[in-house]
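The values are calculated or read from the model by the stated rules, or taken from the named source; none is laboratory data. The shown structure was predicted, so the numbers you read here are calculated from the model rather than taken from an experiment. Here the Cβ is made from the backbone with ideal geometry for all residues, glycine too, and neighbour counts use every protein chain on show.
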Amino acid sequence: MEATVMERADGGATNREGDRGGKYLVFHLGQEEFGIQVLKVREIMGIQDITAVPQTPHHVKGVINLRGKVIPVVDLRLKFGLPEQEYTQRTCIIVTQVNSEAGPMLMGIVVDGVAEVLNLATAEIEDTPDFGDGTATPYLLGMAKVKGKVKILLEIEQVLTSQDLRRLEAMLQ
């Protein structure tokens, strides 16, 4: 699979707080579809050799060399507690940019496959339901209803905790 570079036509502006409408990259994990804001996506590439790093959490697969820059790779299936699966030809790495304490940082996330780019209106996105029992879901941006199906929208910067990000930054030092 060839790498796909996502161009930013907006000059780098981010969505205003509360305005969740816009373009989302939709991908699969198992039977579920998730989406992240295209503004956070830098590139999509096929699965490649990932160098394991000792003493990292189970969901941190290791690092890859992206045009001379070493970036950490997280398997989103494992991060979300889904069963581990063998990588296929559809498995890919989405390179995202997240803000950490040290500034912007590139991070790869392994997903089962990329589906499409959707342009969602704010009205198509509902708030995340309350799951009760004090379940914290800060990484959920909302739920999109598209053609009778629900797509789970992720706030990719919240998927990894600040502790995870600090650990990944230290790993790259």
Exercise. Taking the stated definitions as given, is LEU154 at pLDDT 75 or above, surrounded by 12 or more Cβ atoms within 10 Å (Cβ to Cβ), in contact with a strand residue (DSSP E or B) (Cβ under 8 Å, 6 or more places away or on another chain) and not β-branched (Val, Ile, Thr)?
Worked result: yes
Exercise. Which pairs do you get when a residue that is buried (at least 18 other Cβ atoms within 10 Å of the Cβ), found in region 25-42, comes within reach of a residue that is assigned to a helix (DSSP H, G or I) and β-branched (Val, Ile, Thr), reach meaning Cβ atoms under 6 angstrom, with the pair 6+ apart or on two chains?
Worked result: LEU25/VAL38; ILE36/ILE156; LYS40/ILE156
For this session: Scan region 71-126 for residues that are surrounded by fewer than 13 Cβ atoms within 10 Å (Cβ to Cβ) and farther than 20 Å from LYS40 by Cα and jot them down.
Result: GLY81, PRO83, GLU84, GLU86, THR88, GLN89, ALA123
Seminar exercise, completed: In region 43-69, residues that are in contact (Cβ under 8 Å) with a residue 12 or more places away in the chain, outside any strand (DSSP E or B) and closer than 16 Å to GLU169 by Cα total 4
Exercise. Given VAL63, VAL26, which one is touching a strand residue (DSSP E or B) at 6+ places or on another chain (Cβ under 8 Å), hydrophobic (A, V, I, L, M, F, W, C) and under 24 Å from ARG166 (Cα atoms)?
Worked result: VAL63
For this session: Answer yes if at least one residue in region 129-138 is surrounded by 14 or more Cβ atoms within 10 Å (Cβ to Cβ), aromatic (Phe, Trp, Tyr), outside any helix (DSSP H, G or I) and modelled with pLDDT under 90, and no otherwise.
Result: no
For this session: Inspect region 107-117 for any residue being part of a loop (DSSP other than H, G, I, E, B), closer than 17 Å to GLN158 by Cβ and at pLDDT below 95 and give the result as yes or no.
Result: no
Exercise. Does PRO72 satisfy the criteria of being assigned to a strand (DSSP E or B), within 17 Å of GLN158 (Cβ to Cβ) and not acidic (Asp, Glu)?
Worked result: yes
